[in-house]
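Enquirer: The structure is given below, and queries will be raised subsequently.
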Amino acid sequence: MRHLIIALVVLAGAFAQDSRVVAISHRGEHLHHPENTMAAYRAAVEAGADFIETDVRTTSDGKLVIMHDGTVDRCTNGHGDVASMTFEEIRKLDAGIKFGEEFKNTQVPTFDEVLAYARGKIGVYIDSKRISAEDLVAAVARHEMEDHVVVYGGMQLQRGIQKLNPRIRLMPEASNVDVVTRIVEELRPKVIAFDARDFKDEILSIAVKANAGVYVDRLGPADNPEMWDDAVRRGASGIQSDKPAELVQFLRSKGWHK
């Protein structure tokens with residue numbers, strides 16, 4: 001109980017220092033638009049989100065494209081693994097037709113297209129599904145987005161990015177007390193990611209003591225005002241949601257968003 005009280009005091013102090021919470025649009029605004037497409041990202045900007053979350057993979061010929069799954073089957077009219085398909089093959093696919101006729105002929109976007117669109121409009125939460133540190137850093141630099149991205153991914157990738165360009169904000173997953181302690185000691189990240197499994201006070205307290213931002217997923221059953229409120233009051237400085245417009249409206253009603 002004593003440890004829990006200490007953690008809550010630390011979190012309360014952190015919240016008092018900076019009450020602004022960023023809204024992260026999961027796969028763009030994908031409840032009304034095909035996920036991870038330019039239409040979904042444009043809608044996220046219109047909703048007032050601070051970040052779009054985007055899933056980056058590498059084609060067989062080394063091009064960076066946006067696709068959550070390892071295959072193109074669920075979200076396009078094609079079949080196959082992204083890693084075994086060429087860019088030309090993926091570019092011919094329709095990423096909107098399964099969502100509705102109005103989105104017919106929507107292309108799978110490239111990472112460069114997303115970064116070019118986002119520049120000056122919105123931050124990019126990079127979920128690194130399959131991408132090298134070298135390719136990621138080079139793409140971000142091409143669009144001068146170093147100060148406007150956060151990178152989610154495994155430790156090997158995070159180490160590589162930090163070595164190549166320490167200016168880019170890393171965002172490793174908290175996981176548990178031992179992992180987050182090791183992350184803080186080795187990487188000293190400016191942001192740490194949390195989901196429903198590791199959003200626990202004893203883990204949160206370590207992130208807050210390290211002056212790291214806390215970006216938490218509130219998806220599925222947790223994607224509602226009650227759970228958004230709980231997340232912020234427990235120390236979240238960013239919330240990832242499938243409902244960006246509703247989240248932004250809620251945060252503004254509390255004075256937690258511009």
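Derivation of every value follows stated rules applied to the coordinates shown; laboratory data play no part. Quantities reported herein were computed from a predicted structural model and do not represent experimental measurements. FYI the Cβ positions are ideal-geometry reconstructions off the backbone, even for glycines, and counts take in every protein chain you see.
Enquirer: Restricting to the chain, compute how many DSSP beta bridges are antiparallel as a %, nearest 5.
Expert: 15
Enquirer: Next up: Among the lysines, which have Cα under 19 Å from the Cα of Lys63 when same-chain residues fewer than 8 positions away are ignored?
Expert: Partners within reach: Lys92, Lys129.
Enquirer: Moving on to the next point. Let me check against my output: what whole-number percent is the relative contact order of the chain, with C-alpha pairs under 8 Å and at least 6 apart?
Expert: Relative contact order for the chain comes out at 22 percent.
Enquirer: May I pose another question? Where a ≥ b ≥ c are the square roots of the eigenvalues of the C-alpha gyration tensor, would you call region 21-149 rounded, which needs a/c under 1.5, or, failing that, prolate if a/b is larger than b/c, or oblate? Don't skip to the answer; put the middle values down first.
Expert: Numbers: a/c = 2.01, a/b = 1.13, b/c = 1.78.
Because a/c hits 1.5 or more and a/b fails to exceed b/c, region 21-149 counts as oblate.
Enquirer: While we're here: So what's the back-of-envelope 222 nm ellipticity for the chain, counting only DSSP H runs of four-plus at -39500 (n - 2.57) apiece and dividing by all residues, rounded to 500?
Expert: Values: 10 runs with 98 residues, N = 258.
Estimated from H runs of four or more residues: -11000 deg cm²/dmol.
Enquirer: Something else: Give me the extension gain from Arg119 to Arg142: residue separation times 0.36 nm, minus the current Cα-Cα distance, reported in nm with one decimal. List each step's numbers first, then the result.
Expert: Numbers: separation 23, 0.36 × 23 = 8.28 nm, distance 1.10 nm.
Going from the current span to full extension adds 7.2 nm.
Enquirer: Just to confirm the number: angle between the C-alpha axis of helix 2-17 and the first principal axis of the chain, 0 to 90 degrees, nearest 10?
Expert: Tilt of helix 2-17: around 70 degrees.
Enquirer: Given a Förster distance of 22 angstrom, what is the FRET efficiency for Asp178 paired with Gln156, based on the Cβ-Cβ distance and rounded to 0.05? Before the final figure, lay out the partial values.
Expert: On the way: r = 18 Å, r/R0 = 0.82.
About 0.75, to the nearest 0.05.
Enquirer: Only sites in a loop by DSSP and with at most 14 other Cβ atoms within 10 Å count here; which GluC sites (Glu not before Pro) in region 103-169 make the cut?
Expert: Values: sites: Glu113, Glu134, Glu144, Glu146; in loops: Glu144.
Here the sparse-neighbourhood loop sites are Glu144.
Enquirer: Check cross-link reach from Lys258 to the lysines: straight Cα distance under 23 Å, and skip same-chain residues fewer than eight apart.
Expert: Those lysines meeting the cut-off are Lys121, Lys190, Lys243.
Enquirer: On to the next question. Within region 124-226, list the trypsin sites (Lys or Arg not before Pro) lying in a DSSP loop whose Cβ has at most 13 other Cβ atoms in a 10 Å radius.
Expert: Details: sites: Lys129, Arg130, Arg142, Arg159, Lys163, Arg167, Arg169, Arg182, Lys190, Arg197, Lys200, Lys209, Arg218; in loops: Lys129, Arg130, Arg167, Lys190, Arg197, Lys200, Arg218.
In loop regions of region 124-226 (DSSP not H, G, I, E or B), the sparsely surrounded trypsin sites (Lys or Arg not before Pro) are Arg167, Arg197.
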